[in-house]
1. Being at pLDDT 90 or above, closer than 20 Å to GLN436 by Cβ and open to solvent by 10 Å² or more (accessible area, probe 1.4 Å) is the filter here; which residues of the range 349-362 pass it?
2. Residue check, GLN433 against (1) free of Cβ contacts under 8 Å to residues at least 60 places away in the same chain; (2) crowded, with 16+ Cβ neighbours inside 10 Å, all met but one. Which one?
3. Pick from PRO28, PRO95: which is at pLDDT below 85, surrounded by fewer than 17 Cβ atoms within 10 Å (Cβ to Cβ) and under 38 Å from the mean Cα position of the chain (by Cα)?
4. Only one of LEU284, LEU290 is of a type in the set (A, V, I, L, M, F, W, C), modelled with pLDDT under 95 and more than 25 Å from ASP223 (Cβ to Cβ). Can you tell me which?
5. Six or more apart or on different chains, Cβ atoms under 7 Å: show the pairs whose first residue is in the range 41-64 and within 12 Å of ASN387 (Cα to Cα) and whose second is of a type in the set (Gly, Ala, Ser) and open to solvent by 50 Å² or more (accessible area, probe 1.4 Å).
6. Quick check, is ASP372 surrounded by fewer than 19 Cβ atoms within 10 Å (Cβ to Cβ) and among the acidic types (Asp, Glu)?
7. Quickly run through the range 388-427 and pick out the residues that are of a type in the set (D, E, K, R) and surrounded by fewer than 23 Cβ atoms within 10 Å (Cβ to Cβ).
8. Return the residues of the range 296-312 that are over 21 Å from SER214 (Cα atoms), touching a residue at least 60 places away in the same chain (Cβ under 8 Å) and open to solvent by less than 20 Å² (accessible area, probe 1.4 Å); say none if nothing qualifies.
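The values are calculated or read from the model by the stated rules, or taken from the named source; none is laboratory data. The model shown is predicted, which means the values in this text are computed figures rather than measured ones. With ideal geometry, Cβ positions are generated from the backbone for all residues, glycine too; neighbour counts draw on all protein chains shown. Heads up: the accessible areas ignore ligands, DNA and RNA and are worked out on the full protein's heavy atoms, side chains in. Shrake-Rupley method; radii C 1.70, N 1.55, O 1.52, S 1.80 Å.
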Amino acid sequence: MTLTSLPGAVTSGPSQPLLPISEILRAPVLPPPFRVTTAGGPTDINLRWASLMESADHLDSARAALEAQHQMACNAQSVLTQNGVALLPLSGKIPALHGRLVALIGAGFATGYLVNGLSAGAHAAHQAYRNTEDTVLRWLHALTLAADHEVVLANLLHPDGDKTYAYDWSVTLGTLGAGGAVDVIKRRFPAAAAMAGVAQLISSEAELVSYAMSSVELNLTPDPARRFDYMADGSLGSYMEQMEQVSEHGDIAVSRLQAEGQEVALVHLPGFDIHADDGGRSTLGVADALGNNSEHLAPLVEDALEHSGVPEGTPLLLTGFSLGGLHAMNLSSKDSLSGKYSIKGVLTVGSPGRNTPMPAEFPIIHLQNAHDPVPHILGQVHQGAANRMTVQTNHTNQDITGTVAGSGHNWDLNVEAVHRLEQPEVERETLSQQEQELVQELRQYLHGSAHAEVYSTQWAAVPGQDRSAFTEIRDGLERHLQESLEQALDPSTPSPGTVPSPGTGSYQEPVQQGRDNGHHDSAQDSGPEPVHLEGGPWQNAGQPAGQQQHQRVDDDGEQAQGQAGDRQGQ
């Protein structure tokens, strides 16, 4: 793990004594210095692990060959045992052959046992190392955030301070599990507790998810909901800017990019949208990603590539935001997709961390904000590898709209951070040469003119199933979200299944976040929607009368307040 801070002025910091309140109120509040933290990637230890795991894979192949030979020897020995007496007059060597086969079977069994032990030991040691690394990285992140407490205090007290900074800091620190602060933060920010609780529920309740996924199907609308052209300039930031419009129109974006006579396909998957109703990015989409390995979405991505005319064998880049990042990771390990297209890399933004190994054939880059709680809602970090790196920045902008997940989970904020990171002098100072080369492996496919088509998806009951059963499944998952919220607001409320209890104590009204950033969903502009307390996806249940504003619990970094609803699940 490497952490680099660029020079910058702050009113206070961990290396300075806490300033008196009078000085804090007089001094200008400046943002903390721009920090970039990397984990994983082509470090010496990860390269050594990669070599060891490659050897383990060879051992697995050798074990499979030994098992095949062992089975052949057993079959031959069985034939000799059954027919040896009859064959003895034909050759006196039959008993010797029988003995050699028995010895071969014994040697093969012993060798296979040894090879299996070596391979299993290598895999177990690797996973143990990654588990320890996971714990250490989460604690280091929590400690780094805790060290910013004076900056948080300065922003809270100063009249011109960034109040969203404190909210983002608190929710992220609480999601990381910073000791006794967790219960306090869950009580103050109950919707954040609900968000994390539902993610934990879906990822742990295998029986519930299995039932839900077997009872529904996901369908693709073959006609694109939107088409647009753009020019890719070779940067991640400009590509991310173009993908901003995807969530307003659909769930899968396929771009065909032409550069120097080579065609490249790009698939972008936007984030969770609780208002999707039967759309692919609803709560059922979360269940598909977390508990079903994206089995419903995967064939639809292949269909979208086919509808867009992408030839088989075309180089393919997968990108996704939040929920879309989970799907992108799942898709990258699908044999059906990699068998048709040449996967060249994966880019995720603000997606939940998962301490699981991934294919080593292509680069994987995880971008996230230090004040974004979503990457930590599963209690894991992205597993590092020589080809897999997490790049985390602490970029802030108090003019960026936030949601229950905070402004750190806003798409626009992440785009700004990437643009800042990709400035040549910043990239040279914050990333090692090997890390820059890993990022460049993705950027090399982002040059040229591109045509994009956006497809929408819809959940439906499987053929022959009663529609009411489908509605019950969908509403049941959403009800877990609402019940988790109510449990966070009022600890006396019965806990919904295995969703963690947020502790006890009086409720305090959450900090209201952000301002409108101009991205509107016209369907939401007709006026305020009713607040649903029974299965409805709202986070303001229990607020004092006259202070309620309906706030959408989207995964896209936007917040709907008052009359309008922003929708930006890039």
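1. PHE362, the sole residue that qualifies.
2. (2)
3. PRO28
4. Answer to the selection: LEU290.
5. Going by the 7 Å Cβ cut-off, the qualifying pairs are ALA50/ALA360.
6. no
7. ASP399, ASP412, GLU416, ARG420, GLU422, GLU425, GLU427
8. ALA304, SER308
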